[in-house]
Amino acid sequence: MNNETIQCIGCGATLQNQDSQKSGYLPASAYEKIEKAMQNNEEVEVYCQRCFKLRHYNEIMPVQENADDFLRLLNHLLETDALVLNVIDLFDFQGSMISSLPRFVGDTPIIMIGNKIDLFPKNTNLRKVKDWVRQQANKWGIYPEEILLTSGKKQKNVDELIELIKKKQQNRDIYVVGSTNVGKSTLINSIIKTLSGVENLITTSKFPGTTLDKIEIPLDNGTSLIDTPGIIQKDQIAHILSPKDLKLVAPQKTIKPKVYQLNPGQTLFLSGLGRFDYVDGPGKQSFIVYASDDLYIHRTKTENADAFYEKHVGELLVPPQAEQLEQLKPLKGLSYHTKEKSDLLFGGLGWITVNDDVQVKIFSPGALGLGTRRAII
């Protein structure tokens, strides 16, 4: 049997037993067992070593892949009559956007899915979130036909997504695209579970980049749901932090607001990955932080902030850990003078809500993921 015909059902990679550093690797003995079982038409779970360890031990094994390899797999979208589901992370919009997507999809219809809405507080104005998603998508040159807010993890609005797919599909294959760590495979698993009752068909993990090749899932109407590899955005916080630290930074449950009373000239550090300066405004103000409960927040005077950060990043201000500092760009800031109640965004971390008519400055490594929007709460 040609080994190119055997694919891991977890990540989609072609199985091979030659190079443990590349995708699809299985030790020779395990590979031979799978090959023999398939030759005998026996039912067997076909997982590469990497996916097996993810499923059973929650252990990540790095492989040698790059974004160019992933992007090449999307090239044929220009020549295919398809429906595209573009999944983005509502906590890291900029980090989860694929800048080259308009080039790959052309005039192909797009449904944009804002995932992880279950992490937002219950009093979130969902209409404002949708408006913000559409505005941001348009800035990137993407004009979705529909926008839906979902949670693959909690199966929120999955039924609505399935109905929307049926309405828009028109006998076309469905391509699911997105950056790593947006919850794409979890969402697909929810769709499959709703349609067929099969659970965890596709490997999922809190680690970015678990799908290494496209996975075609046949549907009852003769078309396929195709899970494409997560595009690696190397500047995402998820690719800088260790898995342990990523759990501290990325919210695991609905976030609870934390209110800080600040005077002009005071600063908040969001661990060692974000900084918020209250520069000027009408006296003491309430600032509301929406972030993971496990994210360490420290208040200090702005005049001492630079020295404090230099001394304590990697020690008190963690994550990042000291050994990760070389991978981290220096903090870079953007200044804002708010005209209305606004959310100041820290991609991958959360946001801080501020009142109108205040001057603030926010920082992240290389100004990564910084932005503002009209307050959604």
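The values are calculated or read from the model by the stated rules, or taken from the named source; none is laboratory data. Everything numeric in this text was worked out from a predicted model, so none of it was measured. Neighbour counts are summed over all protein chains in view; Cβ atoms, including those assigned to glycine, are modelled from backbone coordinates with ideal geometry.
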Of all residues in region 218-232 being in contact with an Asp or Glu (Cβ under 9 Å, 6 or more places away or on another chain) and assigned to a strand (DSSP E or B), the one that is farthest from I88 (Cα to Cα): S224
Any hit, region 285-301, residues being of a type outside the set (A, V, I, L, M, F, W, C), out of contact with any Phe, Trp or Tyr (no Cβ under 9 Å at 6 or more places or on another chain) and crowded, with 17+ Cβ neighbours inside 10 Å: yes
Lone unmet requirement of (1) crowded, with 18+ Cβ neighbours inside 10 Å; (2) touching a strand residue (DSSP E or B) at 6+ places or on another chain (Cβ under 6 Å); (3) touching a residue at least 40 places away in the same chain (Cβ under 8 Å) for I110: (3)
Boolean, E160 is surrounded by fewer than 17 Cβ atoms within 10 Å (Cβ to Cβ), in a strand (DSSP E or B), modelled with pLDDT of 75 or more and not assigned by TED's automatic domain parsing to the domain that holds E326: no
Hits in region 113-128 (condition: surrounded by fewer than 18 Cβ atoms within 10 Å (Cβ to Cβ) and of a type in the set (A, V, I, L, M)): L126
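Each row is one residue, and each column tells you yes or no for (1) assigned by TED's automatic domain parsing to the domain that holds L270; (2) of a type in the set (D, E); (3) more than 14 Å from T372 (Cα to Cα).
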position: D293; (1), (2), (3): yes, yes, yes
position: H298; (1), (2), (3): yes, no, yes
position: K301; (1), (2), (3): yes, no, yes
position: V313; (1), (2), (3): yes, no, yes
position: L317; (1), (2), (3): yes, no, yes
position: Q327; (1), (2), (3): yes, no, yes
position: K332; (1), (2), (3): yes, no, yes
position: K341; (1), (2), (3): yes, no, no
position: F346; (1), (2), (3): yes, no, no
Pairs with Cβ under 9 Å, 6+ apart, first in region 11-37 and free of Cβ contacts under 8 Å to residues at least 60 places away in the same chain and exposed (fewer than 12 other Cβ atoms within 10 Å of the Cβ), second in a helix (DSSP H, G or I) and of a type in the set (S, T, N, Q): P27/Q49
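Could you identify the single residue in A307, A367 that is among the aliphatic types (A, V, I, L, M), part of a helix (DSSP H, G or I) and surrounded by fewer than 17 Cβ atoms within 10 Å (Cβ to Cβ)? Let's see the steps before the verdict.
Values: A367 fails: part of a helix (DSSP H, G or I).
Of the residues listed, the single one that is among the aliphatic types (A, V, I, L, M), part of a helix (DSSP H, G or I) and surrounded by fewer than 17 Cβ atoms within 10 Å (Cβ to Cβ) is A307.
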Cβ pairs under 9 Å, 6+ apart, first in region 123-139 and basic (K, R), second not in a loop (DSSP other than H, G, I, E, B): K128/R373; K128/R374; K130/G114; K130/I147; K130/L148; K130/L149; R134/M112; R134/I147
Meets criteria (within 25 Å of F287 (Cα to Cα), in a strand (DSSP E or B) and of a type outside the set (S, T, Y)) for L248: no
Among residues of region 235-269, those that are of a type in the set (K, R) and in contact with a helix residue (DSSP H, G or I) (Cβ under 8 Å, 6 or more places away or on another chain), counted: 1
Answer residue from region 311-350, given it is in contact with a Pro (Cβ under 9 Å, 6 or more places away or on another chain) and not in a loop (DSSP other than H, G, I, E, B) and is farthest from F269 (Cα to Cα) among those: Q327
Per-region count, region 215-240, residues surrounded by 13 or more Cβ atoms within 10 Å (Cβ to Cβ) and either among the hydroxyl-bearing types (S, T, Y) or over 21 Å from T186 (Cα atoms) (or both): 5
Those helices (runs of 4 or more DSSP H) lying entirely in region 77-152 with at least 3 residues in the same structural domain as G183 (by TED's automatic domain parsing) and of a type in the set (S, T, N, Q): 126-139
Residues (in contact with a strand residue (DSSP E or B) (Cβ under 6 Å, 6 or more places away or on another chain) and modelled with pLDDT under 95) located in region 296-330: L328, K329
